[in-house]
Structures are given as structure tokens and as C-alpha cells.
Amino acid sequence: MTRALAFVALLAASPVQADPFADAVGLAAKGQHSAAAAGFHALAQDGHGPAAHNLAILFALGHGVPQSKPDATYWAMSAFLEGLTAAEGLSDVLLAELSVDERAQVAARLERRWLQRAEAGEGGAMLALAVVLALIRPEPDLLAAHAWQTIAAALDVNGAARARTETLALMSPDQRDMAQGHGMTAFAEWCNRQPDARPVSCAVVAMGNG
């Protein structure tokens, strides 16, 4: 655990976020953990991976916030799902220490976090949601994960087709038989939930069903 608890001190790519992140890192270095936690939390809520990672560390250590493995895991996983590969080790360590109930609670929070963005058409969020459904839940929902990967692949999201194949490999024969039809239905239903400016692939599927 100790080796995984290292602050990420990289500045964010966005100039808007760079100064607040640097300020929070500086506060943490000075031992002002409560103020640092507030700064990291504000950024993490907006999808800032390094801030989420650092907030996870504060929850894991109980510095500036109450010590909480579920909260630490939630933010570490959020950082990893935002694309911060440095958070993978911490996420794995923390997940392994959770009870089944705690893991289910963290998975439910992550699903809520990513579902809204996936519904809005954010391809990366679709793949992140699929990871939660397939790998974080105590009882995986592989069909739902595959469905989101299918939607992402139809939208040409990088890595979606490969992720879909990997999920298929985890399925039982019966699930694999159902997966393609389930994915098509999920895509059509997702298209119907979108506003007027729908992806062109939605029109193709609609014409195919006409």
C-alpha cells in the first residue's frame, strides 16, 4: 500500500485547471490537508484524473478527510477510468481490501458517475461504465458491459471493438449467443433517447429496421 500512496504532482494540461491543481498539491506538501482535499475534490468532480488520484490518497490515509477505504477506492477508480494509468496500482490495492458490500457500493457510485456521461454520448464514459459493470461489480453484468461497448464501437470510439471482444471472452456460451442481439437493441434504444442531433449510425440502424 505504501508504494502506491504517492501524490501525482503533474500539472493538468488545461491552463484553467493547472493553477488550482498546483495550489492543492502545494497545500498537501505543507501539511494543509483539509484545504488540499477541498481543492482536489472540486477538480475531481469535473473529471480531473490526477486530482481524483490525490484525493483517493487523502481518504486512504485519513489526512484532511475521514479515513475511508470505500471513498479512497471510488476516487482512485475514477482517476483510472479518466485515463490516469498511474492510478491503476492504487485502485487494485484498494479494491482488494473492500468487503463485498463495500465493493457493491463503490460500483454503484461509479455507475452513477459514468452513466450520465455515457447517455450523453461520451465514448470514453461508455467504456469506463463497461469496466465498472464487468470488472468492479461483485456480480458482473457482462451483457450490459458488452452493450455499452457495442454502442461505443458503433460510434467509432477508439478501443471499443477490442474491449467488446475481451468482454465476449468472459461470457458463458449462452451469454455470447444473446450478446449481439442485446447490443443491437441497446444501441437502438440509446439512439431513441438522444436529442435531434443523433450520430449518423443511428440513422443507419433505423433504416435497417425499416
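The values are calculated or read from the model by the stated rules, or taken from the named source; none is laboratory data. The model shown is predicted, which means the values in this text are computed figures rather than measured ones. Cβ atoms come from the backbone with ideal geometry, glycine included; neighbour counts cover every protein chain shown.
The residues listed here are Ala128, Ala153, Ala147, Ala87; of these, the one that is assigned to a helix (DSSP H, G or I), in contact (Cβ under 8 Å) with a residue 12 or more places away in the chain and over 25 Å from Ala42 (Cβ atoms) is Ala147. State whether one or more residues within segment 19-30 are modelled with pLDDT of 95 or more and among the small types (Gly, Ala, Ser). Within segment 19-30 (the criterion being modelled with pLDDT of 95 or more and among the small types (Gly, Ala, Ser)), the answer is no, since none of the residues qualifies. Highlighted here are the helices (runs of 4 or more DSSP H) found entirely within segment 160-210 that include at least 2 residues which are in contact (Cβ under 8 Å) with a residue 24 or more places away in the chain and more than 21 Å from Gly123 (Cβ to Cβ): 173-192.
Tell me yes or no: at least one residue of segment 74-82 is farther than 21 Å from Ala163 by Cβ, surrounded by fewer than 19 Cβ atoms within 10 Å (Cβ to Cβ) and not acidic (Asp, Glu). Scanning segment 74-82 turns up no residue that is farther than 21 Å from Ala163 by Cβ, surrounded by fewer than 19 Cβ atoms within 10 Å (Cβ to Cβ) and not acidic (Asp, Glu). Of the residues making up segment 94-134, just one is of a type in the set (A, V, I, L, M) and at pLDDT below 95, namely Ala120.
In segment 83-105, the residue that is surrounded by the fewest Cβ atoms within 10 Å (Cβ to Cβ) out of those that are β-branched (Val, Ile, Thr) and farther than 17 Å from Gly49 by Cβ is Val100.
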